[in-house]
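So the structure is just underneath, and the comments pick up after that.
Laboratory data are not the source of any read-out in this text; all were calculated from the coordinates shown. Everything numeric in this text was worked out from a predicted model, so none of it was measured. Every residue, glycine among them, receives a Cβ derived from its backbone with ideal geometry; neighbour counts consider all protein chains shown.
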Amino acid sequence: MFKPGERVVYARDGARGIVIAVNGEWYQVIWEDTFVSWEKADVLTKAEPFS
């Protein structure tokens, strides 16, 4: 669903991040506060492109 380099939003709190790795159904994301976590696709949505 997502690939490395794509911008995403965490559905539960609106945090923005960038996918940096994919392992099966898990996506490693570096968040705007530099925290890194593994998340499933059901809590992520594609971020709107910068204008």
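If you bin all the Cα-Cα distances of the chain at 5 Å, starting from zero, the percentages per bin are 5, 24, 38, 24, 8, 1, 0. For residue 22, the residues 5 or more places off, or on other chains, whose built amide H falls under 5 Å of its own are 28.
A DSSP coil position with no more than 14 other Cβ atoms inside 10 Å describes the following chymotrypsin sites (Phe, Trp or Tyr not before Pro) in the chain: 35, 50.
Computed from backbone phi, the HN-Hα couplings of the stretch 10-25 come to 7, 4, 6, 9, x, 4, 10, x, 10, 5, 10, 7, 10, 9, x, 8 Hz, rounded to whole numbers (Karplus: 6.51 cos²θ - 1.76 cosθ + 1.60, θ = phi - 60°; Gly and Pro given as x). Model label points for residue 18 and residue 30, set 7 angstrom from Cα along the Cα-to-Cβ axis, are 0.6 nm apart.
Given Cα pairs under 8 Å that are at least 6 residues apart, what percent is the relative contact order of the chain? The value is 34 percent.
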